[in-house]
Amino acid sequence: MWLAHIAVGLSIASYTDCLECMVLANAFHHLPSVDQLIVDTGLAKKEFHDAELHTPFFAFGVAAVAALFSWKYALLALICIGTHLLMDLPTDTGLMLLYPFSRRRFTLNLWKNTGGWGLGGFYRQKWAIALETPIWLFFFYRLIVTLV
């Protein structure tokens, strides 16, 4: 759901009342995907994607740091990273939801993980369009409501 991550990040940002919160909402939502950049640069193995940075532990850690600046930022971090995790849960790779206590992966197994930027392969899967369409419709709804 690579493209849907953009729509969700922007949709969450549309509920904020300040420019810095809009920027932070998108940054927080996309923060777990930094692991793919680390893999792409060769600094980590492929297994690093959807691992430690895709956990509730990471979300709470980021929120704790954000709370040093504002409770609003901390809440925004939890919401944004939490939605990112929910969106990645249906991949066959699964997420380590109990990390650091367990490395067991949980998954809804609705589609095959085609990689961080695997646009072509992902959108050939039957669930892709069915799940992304309502996300994009909601984003356009939020865009219209926000602009009016």
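The values are calculated or read from the model by the stated rules, or taken from the named source; none is laboratory data. Keep in mind the model is a prediction, meaning the values are calculated, not measured. Backbone-built Cβ (ideal geometry, glycine too); neighbour counts: all protein chains shown.
Assorted remarks:
- Scanning the stretch 72-99 for residues that are among the polar types (S, T, N, Q) and under 13 Å from the mean Cα position of the chain (by Cα) turns up Thr83, Thr91.
- Some residue of the stretch 124-135 being at pLDDT below 95, buried (at least 17 other Cβ atoms within 10 Å of the Cβ) and within 17 Å of Asp35 (Cα to Cα): no
- One residue from Leu110, Leu95, Leu76 being surrounded by 18 or more Cβ atoms within 10 Å (Cβ to Cβ), more than 24 Å from Ile144 (Cβ to Cβ) and in contact with a Phe, Trp or Tyr (Cβ under 7 Å, 6 or more places away or on another chain): Leu95
- Hits in the stretch 58-84 - residues which are aromatic (Phe, Trp, Tyr) and either in contact with a helix residue (DSSP H, G or I) (Cβ under 8 Å, 6 or more places away or on another chain) or assigned to a helix (DSSP H, G or I) (or both): Phe58, Phe60, Trp71, Tyr73
- Scanning the stretch 66-78 for residues that are in contact (Cβ under 8 Å) with a residue 24 or more places away in the chain and either within 16 Å of Thr55 (Cβ to Cβ) or in contact with a Pro (Cβ under 7 Å, 6 or more places away or on another chain) (or both) yields one hit, Ala77.
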